[in-house]
Amino acid sequence: MYPILVFRNPGQAGAQGRAREVLLHGAAGIRALAQGLFEGFKERGIHVATVAGFVSPGSGEAEEVAERYWQRHSEPKDGWSPETVDTP
């Protein structure tokens, strides 16, 4: 296994108006940061990725998402990618 640096990118879940704009800019920044770091860190054996998706509060989805994070962490180096859309 290799070290992994994951940026959670929640997108704009339910936001409207100005709040949606702010979240979209933040999401784009997180995505650009991870993609910019991906190749350089991969050469050093560190997996950098964003995971985009939503988890409803109080739902059982949190365990499913945790399992997907673990799967992501356990991937072989030749299967790494800078981005995953997490859809429970």
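The values are calculated or read from the model by the stated rules, or taken from the named source; none is laboratory data. This is a predicted model, so every value here is computed, not measured. Note that each Cβ is placed from the backbone with ideal geometry, even for glycine, and that neighbours are counted across all protein chains shown.
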key: Total residues in segment 65-88, condition surrounded by fewer than 13 Cβ atoms within 10 Å (Cβ to Cβ) and either in a helix (DSSP H, G or I) or at pLDDT below 75 (or both)   = 10
ask   = Does E21 meet the test of being over 15 Å from T84 (Cα atoms), of a type in the set (D, E, K, R) and at pLDDT below 85?
value = yes
task = For segment 34-49, indicate whether the set of residues that are over 21 Å from Y2 (Cα atoms) and either part of a strand (DSSP E or B) or not hydrophobic (A, V, I, L, M, F, W, C) (or both) is non-empty.
result = no
